[in-house]
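I have placed the structure first, in the form of structure tokens, so that the comments after it can refer back to it.
The numbers here are math on the coordinates, done by the rules we state, and not lab data. Every value quoted in this text rests on a predicted model; they were computed, and no experiment measured them. Virtual Cβ from ideal backbone geometry, glycine too; neighbours counted across all protein chains shown.
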Amino acid sequence: MTREEVLGTVEKNNIEIIRLWFPDILGHMKGFAIPTGELEGALEHGIGFDGSSIEGFARIHESDLMAVPDPETFMIMPEQIDNYKAAVMFCDLLTTDGKPYVGDPRGALRRNLARIAKQGMVYNVGPEVEFFLFKSSEKPEIIDHSGYFDSSIIDTGASLRKQSISALAKMGIQCEFSHHEVAPSQHEIDLKYCDALRMADIVMTYRLVIKELARKGGVYASFMPKPLFGENGSGMHTHQSVFRDGKNLFFSPTDKYHLSDFAKHFTAGILRHIREITAVLNQSVNSYKRLVVGYEAPVYVSWGQKNRSALVRVPRYRQGHEKATRIELRSPDPVTNPYLAFSVMLAAGMKGVDEKYPLPDPVEENIYEMTPGRRVDMQMGMLPGNLYEAILETEKSELVREALGDHLFEKFIDNKKIEWDQYQIQVTDYELDRYYRIF
């Protein structure tokens, strides 16, 4: 929408409140509400706020920031989500002199997309966002014992998925399908692919909608990567492709995998730089409890078509169809900041394209069943084993620094080091159970 269309739609629908949203450095939703009488001024000049208390934003002596609503993100909030007649827009953050704020994650993704836009390219992503439904926020107690693709019409999870799809559709967000996942109480709703900036806004909206509808339904939705011991964790498998003038640059009609040279170089970039971008894609200490052998999450750096143990997969759905050709990165999880995640994925892929990285041979056998010697012979790398290892890889990465910018890069590293230090000093139930009666 244009500014004029937003103002007209607000008046036509008797909207009372405008919610203005933006992400912090960790991808948490932040924002505030204004009455509709303030909307025209907000669209023209932005709304000032104090950014000093928001994670990764300005220091206290440079705290004044401006939130400028992006009319293209205008959505009317469904009644099942908001008790008021409300609409929402995502905001771009500016300094008081009107310049883009260097600590804005949304601005970082804009900059990365602008680089390829100069070549007429559009970066499309389609995430599969998994989540759990529990009895309460106090502890993770499951509400069902169902498994993968188990079908029900009346249970709480199925009902919530239907409500979520309906609410998202009313906001103009298209879902492709939904289903119960492998673990008990685990669910997935897949989002229709679109350009990365729009999708990052959608992921933020999706998480809020799921949580709100769960709360209203008397249960608790968690996007925590690994909330249950001994069960699969939640991922955010991200399908990716690059288009130009409506043509999919990933597609080749003659290649065995229907991948163009562009797609192969892009995939090679993801594989070569995956260790240094992992802290962004998997930003919590809990993320690495999911990235272990035996729970359908990737551990080894490889690619394949039929192989779901590989890090990058080339889906076979509608094989040979141009628009369906894509790669699927399986390591990200749903607590990532989508603006930063899409930025570093794109940067890694385009580095491969620009420098024509060669794509290693695919791996179609089950990697988990290989002997260690076989993996060594294949020179197969591994993802970082914990957050600290991932931080050390990211900290020395010029690719990530360039993709995020100095401010976001340094603030992110500082935040993750603090999280690791806090984690290190914890005494867990596991340690007490294992060691207290022995020593």
Residue separation between SER52 and VAL292 times 0.36 nm, minus their alpha-carbon distance, gives in nm 82.7 nm
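Any idea what the relative contact order of the stretch 3-101 is, in percent, if you count C-alpha pairs under 8 Å spaced at least 6 apart? It would help to have the intermediate numbers written out before the result.
Values: 171 pairs, mean separation 28.5, N = 99.
Answer for the stretch 3-101 is 29 percent.
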Computed on Cα atoms, the radius of gyration and Dmax of the stretch 300-383 in angstrom are 14.3, 39
Here the net charge surrounding VAL125, from other residues whose Cβ is less than 10 Å away from its Cβ (Lys, Arg +1; Asp, Glu -1), is +1
For PHE229, placing the label point 7 angstrom along Cα-to-beta-carbon and taking the stretch 277-301, residues whose amide nitrogen sits under 18 Å are 286-295
Label model pair THR254, ILE438: point-to-point distance (7 angstrom along the Cα→beta-carbon line) in nm is 6.2 nm
Once the dipole of the chain is set up from charges on Cβ (+1 Lys and Arg, -1 Asp and Glu), the residue from the list PRO362, THR278, LEU93 lying farthest towards its positive end is PRO362
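DSSP H helices in the chain with Cα extent of 24 Å or more along the helix axis and mean Kyte-Doolittle hydropathy at least 1.0?
On the way: long enough: 196-216 (30 Å, 0.37); 261-281 (28 Å, 0.39); 406-424 (27 Å, -1.41).
Length and hydropathy pass: none found.
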Listed by chain and number, the lysines with an alpha carbon less than 21 angstrom from that of LYS411, same-chain partners under 8 positions apart left out, are LYS30, LYS99, LYS396
So the FRET efficiency between GLU322 and THR96, C-beta based with R0 = 60 Å and rounded to 0.05, is 0.80
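Okay, helix-only estimate at 222 nm for the chain: each DSSP H run of n ≥ 4 adds -39500 (n - 2.57), divide by all residues, round to 500 deg cm²/dmol; what do you get? Let's see the in-between values first.
Numbers: 13 runs with 156 residues, N = 439.
Helix contribution divided over all residues of the chain: -11000 deg cm²/dmol.
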Among beta bridges assigned by DSSP with both residues in the stretch 110-430, the antiparallel ones amount in percent, to the nearest 5, to 95 percent
From the cross-link list LYS247/LYS289; LYS118/LYS162; LYS118/LYS247; LYS226/LYS416, the entries with a Cα-Cα span beyond 28 Å are LYS247/LYS289; LYS118/LYS162
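Taking R0 as 60 Å, what's the FRET efficiency between ASP245 and SER136 from their Cβ-Cβ distance, rounded to 0.05?
0.75
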In Å, the C-alpha Rg and Dmax of the stretch 47-127 are 15.6, 45
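What FRET efficiency would be calculated for the residue pair GLU4, PHE149, taking the C-beta separation as r and a Förster radius of 35 Å, to the nearest 0.05?
For R0 = 35 Å, the calculated efficiency reads 0.15.
What is the dipole size for the stretch 3-101, taken about its Cα centre, with +1 at each Lys and Arg Cβ and -1 at each Asp and Glu Cβ, in debye to the nearest 20? Walk me through the numbers on the way to the answer.
Details: 7 positive and 18 negative charges, 36 e Å.
Value, rounded to 20: 180 debye.
Treat every Asp and Glu Cβ in the stretch 110-430 as -1 and every Lys and Arg Cβ as +1, leave all other atoms uncharged, and give the resulting dipole magnitude about the Cα centre to the nearest 20 debye. Please report the intermediate quantities before stating the final value.
Values: 41 positive and 41 negative charges, 175 e Å.
Computed charge dipole of the stretch 110-430: roughly 840 debye.
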Applying the gyration tensor rule to the Cα atoms of the stretch 253-340 (axes a ≥ b ≥ c; rounded if a/c under 1.5, else prolate if a/b exceeds b/c, else oblate), the class is prolate
So, relative contact order of the chain in percent, Cα under 8 Å, 6 or more apart, is 15 percent
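Assign one of three labels to the stretch 374-424, namely rounded, prolate or oblate, based on the Cα gyration tensor with a ≥ b ≥ c the square roots of its eigenvalues; rounded applies when a/c is under 1.5, prolate when it is not and a/b is larger than b/c, and oblate otherwise.
Numbers: a/c = 4.92, a/b = 1.50, b/c = 3.28.
Oblate is the answer for the stretch 374-424, as a/c is 1.5 or above yet b/c matches or exceeds a/b.
Sort the following peptides by mean Cβ neighbour count (other Cβ atoms within 10 Å, averaged over residues), highest first: 407-415, 181-189.
Working: 407-415: 18.8, 181-189: 22.3.
Going by the mean number of other Cβ atoms within 10 Å, highest first, we get 181-189, 407-415.
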With the chain reduced to its Cα atoms and the Debye formula applied, log10 I(q)/I(0) at q = 0.10, 0.12, 0.13 1/Å amounts to -0.74, -1.08, -1.27
Highest mean packing first, using Cβ neighbours within 10 angstrom, the peptides 272-284, 337-349, 107-119 sort as 337-349, 272-284, 107-119
